[in-house]
Amino acid sequence: MAENFARLVGVHTLVIHPKEEKTVTVSLDESRIANLIEEQEKILDANTQKSKQMFDGAEHLSNGVASSYQSRDPWPIYIDRGQGAKIWDVDGNEYWDFHNGYGAMVQGHGHPEIGKAINERWPKGSHFGSATEDDLIVSTLLAERFGLPKWRFTNSGSEATMDAIRIARAYTKRDTVMKIFGSYHGHHDTVMVSIGMPYDNIGPRDHYNQLPYGGGIPQATVDMTVPVPFNDAEAMEKRIIDLDKEGRKPACVIMEAAMMNLGVVLPEPGYLEAVRDITKRHGIVLIFDEVKTGLCIAAGGATEKFGVTPDLVTLAKALGGGLPAGGIGGSEEVMRVVEDHTVYQVGTYSGNPLSMAAARASLEKVLTPDAYKHLDHLNDRILAGCDAVIKKYDIAAYTVGIGSKGCVTFAPEKITDYESYARLQAGPITDLAWLWNMNHGIFMTPGREEEWTLSVTHTDEAIDAYVDAFDSLLAEVTK
């Protein structure tokens, strides 16, 4: 690959580590991978018989899980406990946790500072449906980190993105929503559009298809959500102009500054700045969905890391330190529609005292400057280790890392958007990688689209265990 993918932002390097420029000499034998998948499935099934028993007894829990994303065939893995950077399933299998609750547990499991804050809050009352002092303190801390002065709290990322879109619609008095094709922004109808589909169903780049992500989503809602490619500001502006001619200019563009559900796809130099300029010129509210990046890749998330400030930002996952919490930060101007009661941003548990106590402890005592230095050190180490393994076995893959997040992408060239992601299908190697990790003490999110998340409690030992598992996987598939 001729392009140098590495680039600097601020004082830390956002890295895509490509293979050295040379022809890949090792191709992966799909029949061998299929055999290894069958073998590893049998091992995992044999090691998780208590999970099977629990699943067999889950008569009243649909599919035996609380969320479709927790399902697994033939049965889900039930977790018993976690401590620091490790978790144990109900069978007693011990894992280094690189899943971290879909990236929510950047603080690690059972962090004593967060536990202390929750313990101190509990006897004072866990819910009032009224504001508490910690709401004020957490909003002040977030305003300092993200450079956005006004905040409201929710209970999840889906609530945060749903409310942010409503705020944008009220502010602009428009209905249409523009999103990045392939991005996931929660499970409410407006954004469950054009997320994942086969390459042949994407449609032309200047007018991507609008398709619902699963059943139960009204076609009228689908029609109001318009997808555009990531890393292509020109295509975005052209689509905006076309929509304006049709009399339906977007109220907002909702996007991740770095896409976090295609592995990790970083913005190309100048892309976010161009998007910020386009949305300003067209009077469109720019929403950065930082549910995955917020507090995880820098103190002020992608907003700080990339130096581009949106009109609204949404947080969740890592915000609550393991408790359900979400947030919306915004400019004085846009959030005025909340303050003048044009928009009713509501929720019984919004700003829950336990969640806010945990968030405050996390922001003040856990996710400190030293913690982010530690996360950078760990990610540099895991990237370097995986790079060395890729070079050793000479396969078509590269690594991407940013803050506490990163992944190995099995592709012969750089992925820059969903279209290139769908075209460069990695095949069954990603299914095997998840099974192999599970059977080698590494707990990971399943599927090609997920990345690792590190926590402040991870150590060099944990990183070495991950790299060793990756090495043993490639040693086996390239025999």
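Table for the structure above
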| item | result |
| --- | --- |
| Only Lys, Arg (+1) and Asp, Glu (-1) charged, at Cβ; the stretch 178-285 dipole about Cα centre in debye | 240 |
| Within the stretch 345-426, trypsin sites (Lys or Arg not before Pro) in DSSP loop having at most 16 other beta-carbon neighbours inside 10 Å | none |
| Sites matching chymotrypsin sites (Phe, Trp or Tyr not before Pro) across the stretch 277-356 that sit in DSSP coil, with at most 10 neighbouring C-beta atoms within 10 Å | TYR344 |
| Dipole of the chain, positive end: most advanced residue of PHE410, TRP434, GLY326 [Cβ charges, Cα centre] | GLY326 |
| Inter-label distance for ALA46 and ASN119, nm, one decimal - labels placed 7 Å from Cα along Cα-to-Cβ | 4.2 |
| Stretch gain in nm, segment HIS282-GLU246, where the contour uses 0.36 nm per residue and the Cα spacing is subtracted | 11.5 nm |
| Unit charges on C-beta of K, R, D, E only; dipole of the chain, Debye | 940 |
| For the stretch 240-305, with +1 on Lys and Arg beta carbons and -1 on Asp and Glu, the positive-most of THR293, ALA258, HIS282 along the dipole | HIS282 |
| Value of [θ]222 nm, deg cm²/dmol, for the chain, DSSP H segments ≥ 4, -39500 (n - 2.57) each, nearest 500 | -11500 deg cm²/dmol |
| Accessible surface ranking that places the most exposed of HIS282, HIS187, HIS127 first, with a 1.4 angstrom probe | HIS187, HIS127, HIS282 |
| Percent carbon-and-sulfur accessible area, the chain, ignoring ligands, DNA and RNA, probe 1.4 Å | 50 |
| ALA384 paired with GLU59, simple spin-label distance in nm, labels 7 Å along Cα-to-beta-carbon | 5.7 |
| Size of electric dipole in the stretch 280-423: Cβ of Lys, Arg +1 and of Asp, Glu -1, about Cα centre, debye, nearest 20 | 380 |
| Using a Förster distance of 35 Å, the FRET efficiency for ARG423-THR309 (Cβ separation, nearest 0.05) | 0.60 |
| Estimated distance in nm for a label pair at ASN201 and GLN83, the labels positioned 7 Å out from Cα along Cα-to-Cβ | 4.6 |
| Probe 1.4 Å - accessible area at PHE128, Å² to nearest ten | 110 |
| Extension reserve of the ASP394-THR368 stretch, reckoned as 0.36 nm per residue once the Cα distance is removed | 5.5 nm |
| Using alpha carbons only: equivalent-ellipsoid semi-axes of the stretch 96-139, gyration tensor based, whole Å | 25, 13, 10 |
| Solvent exposure of the chain as accessible area per residue, Å², 1.4 Å probe | 41 |
| Highest-first arrangement of 104-117, 292-305, 259-272, where packing means the average Cβ count within 10 Å | 292-305, 259-272, 104-117 |
| Selection from SER126, ALA104, LEU61 lying farthest towards where the dipole of the chain points positive, charges on Cβ | SER126 |
| Efficiency of FRET between ALA143 and HIS188 - r from beta-carbon atoms, R0 35 angstrom, step 0.05 | 0.85 |
| Which labelled figure in (i) 60, 26, 19; (ii) 51, 26, 18; (iii) 34, 29, 22 is semi-axes √(5λ) of the Cα gyration tensor in Å, once derived from the coordinates | (iii) |
| Sequence of PHE153, PHE55 when ordered by accessible area, the most exposed leading, probe 1.4 angstrom | PHE55, PHE153 |
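The values are calculated or read from the model by the stated rules, or taken from the named source; none is laboratory data. All of these numbers come straight from a predicted model, not from anything done at the bench. Quick reminder, even Gly has a Cβ in these numbers, built from the backbone with ideal geometry, and neighbours come from all protein chains shown. Heavy atoms of the whole protein, side chains included, go into the accessibility calculation; ligands, DNA and RNA do not. Shrake-Rupley method; radii C 1.70, N 1.55, O 1.52, S 1.80 Å.
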